[in-house]
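Asks: The following block contains the structure, expressed as structure tokens.
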There are 2 protein chains.
Amino acid sequence: MRTSVATVCLSGTLAEKLRAAADAGFDGVEIFEQDLTVSPHSAEQIRQRAADLGLTLDLFQPFRDFEGVKEEQFQANLHRLEAKFHLMNRLGIETILLCSNVGTATINDDALFVDQLRRAGELAEHYDVKIAYEALAWGKFVNDFEHAHDIVTAVDHPRVGTCLDTFHILSRGWVTDAVENIPAEKIFFVQLADAPKLSMDILSWSRHHRVFPGEGDFDLVKFMVHLARTGYDGPISLEIFNDSFRKAEVGRTAIDGLRSLRWLEDQTWHALPEAELPSALDLRPLPEVAEPAGIDFLEISTGRLGETIRILHQLGFRLGGHHRSKQDYQVWTQGDVRIVVCDRGPTGAPTTINAMGFDTPDPEAARERAQLLRARTIDRTREEDEADLKGVYAPDGVELFFSGPSPDGVPEWLVEFGVDKHEAVPGLVTGVDHVNLAQPWQHFDEAVLFYTALMALESDREDEFPSPIGLVRNQVMRSPNDAVRLLLSVAPEDGEQGDFLNAAYPEHIALATDDIVAVARRAKQRGLEFLPVPENYFDDVQARFALDDDFLQTLKDHNLLYDRDAQGEYLHFYTRTLGTLFFEVVERRGGFEGWGETNAPVRLAAQYREVRDAERGIPS
Amino acid sequence: MRTSVATVCLSGTLAEKLRAAADAGFDGVEIFEQDLTVSPHSAEQIRQRAADLGLTLDLFQPFRDFEGVKEEQFQANLHRLEAKFHLMNRLGIETILLCSNVGTATINDDALFVDQLRRAGELAEHYDVKIAYEALAWGKFVNDFEHAHDIVTAVDHPRVGTCLDTFHILSRGWVTDAVENIPAEKIFFVQLADAPKLSMDILSWSRHHRVFPGEGDFDLVKFMVHLARTGYDGPISLEIFNDSFRKAEVGRTAIDGLRSLRWLEDQTWHALPEAELPSALDLRPLPEVAEPAGIDFLEISTGRLGETIRILHQLGFRLGGHHRSKQDYQVWTQGDVRIVVCDRGPTGAPTTINAMGFDTPDPEAARERAQLLRARTIDRTREEDEADLKGVYAPDGVELFFSGPSPDGVPEWLVEFGVDKHEAVPGLVTGVDHVNLAQPWQHFDEAVLFYTALMALESDREDEFPSPIGLVRNQVMRSPNDAVRLLLSVAPEDGEQGDFLNAAYPEHIALATDDIVAVARRAKQRGLEFLPVPENYFDDVQARFALDDDFLQTLKDHNLLYDRDAQGEYLHFYTRTLGTLFFEVVERRGGFEGWGETNAPVRLAAQYREVRDAERGIPS
């Protein structure tokens, strides 16, 4: 599939945008006119730059407010259009995007639109260029892609065709089946955008909230299926107006965009019957990857080794051993939970989740898929006789490893830590309930698409809850088999109240147990510092759930928080934070669906006080 | 007027919120329940803390999903309510806010609502508390304040009244005249919120985008007039859910909030007939302040003195003189434009607009008004015989001075610089067209209210335009007589691309002239470095306006940008930036209404390249 991207999706100068698109692997770009207008480089220089980078210049856009006007105005518009045709010749661009008139049109008459577009087509012939007419969703008289196509049909000029833009089609709720009725030779261009479902005026939605395919709520796969059936063989181009993309690092945005197209191409491949493949779009599938069967290991990196392993011990973990060649690594185990701790020494390095290993049926295919999806490969040094863990970096820098299956359920690499793998330590902690990772807000959608496309995780519930310094947004990603649950959180950005707000939004590992009281009791005996739960909270729990007094006392005694839904109950406690990381222990009773979001504000307030008091030098 | 604020408006812990509300000057607060739930302080401690700070605890809120349920559910709800009554007794709070049911209500029957609320009232009697029933805009069966009042009337219990919340009333477009029909003794509480006009679902609008009175688009003055006529004499409280407030510095938000109430009180005073004043609300007006007659002076602070005064000279300014006691200050004049330059020495201090003086008819009243509006007063050291300039700090730290009128139009303070005030230097530059100040986005609304309330400026057009690293939002504030125009800009925040994005978004001073070509020619002779305008821009101007060749060549020769509307033309050029400040020179022909926003992307792209090249060590 030929890929393209509009320069308006990317930040920086036009030269920087071209470089980023080429580096990400796009085949071509659309030149957004204003990017050229503000550029110090001439049209000829841009043409040469693109050629040097191996990029085709697929479209010049947009040309606005052309048709449906009186003759005098039309002459001025033709003058303007001719200047752009001249510019396109200098750029070597064949096609211009002409949007349906939103502003100056005064005459609602299809015959007039047809006449004026035909005259534009005649002018285009003179300059050897083509016009792709597009119905904007808020076009004054033309806002439906079928209407635009009807006009193009009536124009009946080889230089005039249509441009299909999924935002303009799907934001209006138009049914995409009709795409199949458009002859391929009249589809001059295709622009893709996804968008979250928002209730707002379409213009604002379009200008600020478009996202890459797979990051929103539009059914783009269905659109692509219909498009494939037309026989269209041109580029599939991204045109995304997004406030975050405009200010994000350009190379990263370009890679995110290309990933979205590769993922969509793969989805479209699987949605089409085999007989129709690869279609004129020349679709290629990605290597298939099955959902993970579980979490193989979690790796923590820390400059506070003593405190980290003390907490692990307090939670019931035992030291498995130290890595035989990488002296800084040790593994702690309990049941099937394996936590690798990397000692950064007394460097002040923060305590973070550094890596995650997933039980993956076919690691080689998973890594190949990840590479095609433009994830950066990890190249860890290793000895000859050590396991070759295949991994890639997540967008936020966390390392993801695809661990292969082991016949007895215990991974081979444990041997490198001197662990006799057949001596599994049973424990009260039985697994990892979920892992919570903080994401910068600008890259939240990117992270969701990443885990969807690479790891076959699915977006589940989304929550939002207050902290003392702002709202926290949370997206649950889970494998369909429920073996892996990731919580991606966006902490408040740009605050004025210090560390808690910025890089240090605390991440956490939630451990599962069937007997939280026993885990808590043992932890208390071993001296664990629980995150304190305020008395007011228990008053409120009692008001809401009318618990019996003994049970309430048990909660209080063990700093346990509580929630209940129609399916079951959720009991949990938190440890104090190690700067940026803490642990949670969770007992689910019945089929409780949440993950403690109701109680998150209590936690965040306590953590805020912890950070604030530490800043003021008050011992916590 | 008694003022109150809901703790949910403010960031931090409950204790921090109370402190900020008291410091700002509020009379009382509403306790948002969750703030208490997550607090380590007991109800009794909070009660004591508020008393120590001189704050009344005016409301406990919210209680949700109470009425319209089956009896079994109702018993559970009563249990929950009773627990909260008990808590209110401990807090010493008389009134609870009970919102109309949005979730659990299953029976749409006013008689049932009345019965269940009456039983709640009977329970309230037992605890000596009161219930303020409020129609939420998205209430399942009750979403209209008149409906809520009808139910309260039918309940006919002294412990049950209504709460009026302007967001819930005005977001639905309900007409506020009917407020007058509610007897004062049944209005148990009043909550105010303003909001910008947005097309989105009401719940999201409410939860994220409320703003303080005067910062949005609601007609709150009209509401207050109707409220005054009821005879209501309770507190007027702010309940604002706003994502920015949640993370802003709490003291600043509290002051912004109190300012909004004082401004609203003053507006309401002026909207009511004299015979109805001060009303049961006990309204007080602010000292009146007339719109400014012009800009007396602008003050630049710089660590790059040589470059700054070179540019001033290149633009035609002459050195007036040095201040006789403050050696670091010099004044440059041209016509009626006076620019004071404060030399910070080679300290690396940025070049910024440090102060603005406005021609103000009554400086003493202006400062008194500003103080009542909680602006911080400037206390500049001065000698006995020097002008006593009255001033306050704007929210972003810029100093604003209220200069008194001088009979001959030339200010007295010029004498301190050794300027013979009767020897005004005529010049090609005739005045200040506008001043552009950058604002952090979290405080944009605060700044708009500040200039509205203190300086009698009015919000005019709002624009948004792209830069290479994100969208810039711009709000024009102007005096009705057009003597003063401020442009407040929010540059993209939180970017990943260096300085340009962050503090250093460049501000500027736009000077007016009647002959821009002469100004540009002289500046060129004197060696001014113009911000370069790309050739592509002129191609586009030519395509859009079909200018004659001579005129176009004049634009090119002098780096002039051009715009045109139905009323007139706008010609302008920019200087290169002094780090964070630059100058623009503007010639308006006819009644052109804009300020060059169409060309701003060209400028921003050039400035971006300037900054980027400087970072890379490329001489600009």
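The values are calculated or read from the model by the stated rules, or taken from the named source; none is laboratory data. Because the structure is a prediction, the values reported are computed rather than measured. In this analysis, Cβ positions are derived from the backbone assuming ideal geometry, glycine residues included, and neighbour counts consider all displayed protein chains. Accessible surface is based on the protein model in full, side chains and every heavy atom, while ligands, DNA and RNA are left aside. Shrake-Rupley method; radii C 1.70, N 1.55, O 1.52, S 1.80 Å.
Asks: Rg/Rh for the stretch A:3-276 to two decimals, with Rh computed the Kirkwood way over all alpha-carbon pairs.
Replies: Across the stretch A:3-276, the Cα-based Rg/Rh ratio is 0.94.
Asks: Accessible area per residue of the stretch A:3-276 at 1.4 Å probe, in Å²?
Replies: Dividing the accessible area of the stretch A:3-276 by its residue count gives 34 Å².
Asks: What is the ratio of the Cα radius of gyration of the stretch A:1-76 to 2.2 N^0.38 Å, with N the residue count, to two decimals?
Replies: Ratio of Rg to 2.2 N^0.38 Å for the stretch A:1-76: 1.28.
Asks: May I pose another question? Restricting attention to the stretch B:266-346, which GluC sites (Glu not before Pro) occupy a DSSP loop and are surrounded by at most 14 other Cβ atoms within 10 Å?
Replies: Details: sites: B:E274, B:E276, B:E288, B:E299, B:E307; in loops: B:E288.
Here the sparse-neighbourhood loop sites are B:E288.
Asks: Roughly what angle does helix A:600-615 make with the longest principal axis of chain A, taking Cα atoms, 0 to 90 degrees, to the nearest 10?
Replies: Result, in degrees: 80.
Asks: Which angle from 0 to 90°, rounded to the nearest 10, does the C-alpha axis of helix B:305-314 make with the longest principal axis of chain B?
Replies: 70
Asks: Counting only DSSP beta bridges with both residues in the stretch B:294-615, what percent are antiparallel, rounded to the nearest 5?
Replies: So the antiparallel bridges in the stretch B:294-615 amount to around 75 percent.
Asks: Quick one: label points 7 angstrom along Cα→Cβ at A:R522, distances to the other copies in nm, smallest first?
Replies: With the label placed 7 Å along Cα→Cβ, A:R522 yields 8.6 nm.
Asks: Just flag the trypsin sites (Lys or Arg not before Pro) in the stretch A:109-197 sitting in loop per DSSP whose Cβ has no more than 10 other Cβ atoms within 10 Å.
Replies: In loop regions of the stretch A:109-197 (DSSP not H, G, I, E or B), the sparsely surrounded trypsin sites (Lys or Arg not before Pro) are A:K197.
Asks: Based on DSSP, what percent of beta bridges with both residues in chain B are antiparallel, to the nearest 5?
Replies: 55
Asks: Got a number for the accessible area of A:R367? Probe 1.4 Å, square angstrom, nearest 10.
Replies: Here the residue's solvent-accessible area equals roughly 40 Å².
Asks: Given the convex hull of the Cα atoms of chain B, what is a quarter of its surface area in nm²?
Replies: 32.0
Asks: Hey, another quick one. Hey, for A:R207 with labels 7 Å out along Cα-Cβ, what do the inter-copy distances come to in nm, ordered shortest first?
Replies: 2.6
Asks: Now, a different point. Probe radius 1.4 Å, ligands and nucleic acids left out: which of A:E384, B:E535 has the largest accessible area, and how do the rest follow?
Replies: Working: A:E384 175, B:E535 100 Å².
I get A:E384, B:E535, largest accessible area first.
Asks: Nearest 100 Å² is fine: how much accessible area is buried between B and A, summed over both sides, with a 1.4 Å probe?
Replies: So the total buried area for this chain pair works out to about 4700 Å².
Asks: Taking the Cα atoms only, what angle lies between the long axis of helix A:220-230 and the longest principal axis of chain A, rounded to 10 degrees?
Replies: 40
Asks: What figure, in Å² to the nearest 10, do you get for the accessible area of A:K70 with a 1.4 Å probe and non-protein molecules left out?
Replies: Around 140 Å² of this residue is reachable by solvent.
Asks: Between copies, how far does the label point of A:P405 sit from its twins, in nm, shortest first, when each point is 7 Å from Cα along Cα→Cβ?
Replies: The answer, with the shortest distance listed first, is 9.1 nm.
Asks: For the stretch A:370-481, evaluate the Debye formula with one uniform point scatterer on each Cα (no solvent term) and list log10 I(q)/I(0) at q = 0.14, 0.18 Å⁻¹, rounded to two decimals.
Replies: The Debye formula, applied to the Cα set alone, gives -0.81, -1.12.
Asks: Taking the alpha-carbon set of the stretch B:294-615, what are its Rg and Dmax in Å?
Replies: 19.3, 62
Asks: Taking the Cα-to-Cβ direction at A:A566 and at A:I378 and moving 7 Å from each Cα, how far apart do the two end points lie in nm?
Replies: For the pair A:A566/A:I378, the computed spacing is 4.1 nm.
Asks: How high is the relative contact order of the stretch B:3-276, in percent, counting Cα pairs under 8 Å that sit 6 or more residues apart?
Replies: Dividing the mean separation by the residue count of the stretch B:3-276 yields 20 percent.
Asks: For B:N181 and A:K140, what is the calculated FRET efficiency with R₀ set at 35 Å and r taken between the beta-carbons, to the nearest 0.05? Intermediate results must be reported in sequence, preceding the final value.
Replies: Values: r = 44 Å, r/R0 = 1.25.
Step by step, r from the Cβ atoms, then E = 0.20.
Asks: Pull up the cross-link candidates among the aspartates and glutamates for B:K17, meaning alpha carbon to alpha carbon under 12 Å and not fewer than 8 places away within one chain.
Replies: B:E30, B:D35, B:E249
Asks: Quick check on the protein assembly as shown: of the DSSP beta bridges with both residues there, what percent are antiparallel, nearest 5%?
Replies: Beta bridges within the protein assembly as shown, antiparallel portion: roughly 55 percent.
Asks: With respect to the cross-link table entries A:K140/B:K197; B:K70/B:K130; A:K247/B:K247; A:K197/B:K140; B:K140/B:K222, which display a Cα-Cα separation exceeding 25 Å?
Replies: Table pairs above 25 Å Cα-Cα are B:K140/B:K222.
Asks: Find the relative contact order for chain A and round it to a whole percent, using C-alpha pairs within less than 8 Å whose residues are 6+ positions apart.
Replies: Relative contact order here is 9 percent.
Asks: Another question about this same structure. What number, in percent, do you get for the relative contact order of the stretch A:193-351 if the mean sequence gap of Cα pairs under 8 Å and at least 6 apart is divided by its residue count?
Replies: 18
Asks: Then there's this: Give the cross-link partners of B:K556 among the lysines, using a straight C-alpha distance below 24 Å as the criterion and excluding same-chain residues fewer than 8 apart.
Replies: Straight-line reach from B:K556, under 24 Å: A:K84, B:K524.
Asks: Just how far, in whole angstrom, is the stretch A:68-107 from the stretch A:557-614 if you go by their alpha carbon centroids?
Replies: Measuring centre to centre over Cα atoms gives 60 Å.
Asks: Starting from the alpha-carbon convex hull of the protein assembly as shown, give the projected area averaged over all orientations, in nm². Spell out each step's value before the answer.
Replies: Working: hull surface 208.0 nm².
Spelled out: convex hull of the Cα atoms, projected over all directions, averaged, 52.0 nm².
Asks: When the convex hull of the C-alpha atoms of the stretch B:1-159 is computed, what volume per residue in Å³ does it have?
Replies: Taking only Cα atoms, the stretch B:1-159 has a hull volume of 118 Å³ per residue.
Asks: Size of the dipole of chain B about the Cα centre, Lys and Arg at +1 and Asp and Glu at -1 on the beta carbon, nothing else charged, in debye to 20?
Replies: 1300
Asks: Still on this structure: What FRET efficiency comes out for the pair B:D282/A:D385, r = Cβ-Cβ distance, R0 = 60 Å, nearest 0.05?
Replies: Calculated value: 0.10.
Asks: Keeping the other protein chains in place, figure out the carbon and sulfur percent of the accessible area of the stretch A:3-276, with a 1.4 Å probe.
Replies: 47
Asks: Then there is this: In the stretch A:556-574, which residues have a backbone nitrogen under 18 Å from the label point lying 7 Å from A:R310's Cα in the Cα-to-Cβ direction?
Replies: Inside the label zone: A:574.
Asks: Other chains' Cβ within 10 Å of A:594-601 residues: what's the mean?
Replies: Per residue, the number of nearby Cβ atoms from other chains is 1 on average.
Asks: What does the average come to when, for each residue of peptide B:37-47, you count the partner chain Cβ atoms lying within 10 Å of its Cβ?
Replies: Taking the mean over all residues of the peptide, I get 5.
Asks: Still on this structure, I have one more. If the cut-off is 26 Å between C-alpha atoms, which lysines fall inside it for B:K390, apart from same-chain ones fewer than 8 positions away?
Replies: Here the lysines satisfying the reach criterion relative to B:K390 are B:K326, B:K421.
Asks: Here's another thing I want to ask about it. Mind giving me the FRET efficiency for B:F551 and B:R318? R0 is 30 Å, r the Cβ-Cβ distance, nearest 0.05 is fine.
Replies: FRET efficiency, B:F551 to B:R318: 0.45.
Asks: Enter the mean number of other protein chain beta carbons within 10 Å of the beta carbon of each residue in A:557-568, as an integer.
Replies: Mean partner-chain Cβ count within 10 Å for A:557-568: 0.
Asks: With every protein chain left in place, what is the accessible area of A:F538 in Å² (1.4 Å probe, nearest 10)?
Replies: Result for A:F538: roughly 10 Å² accessible.
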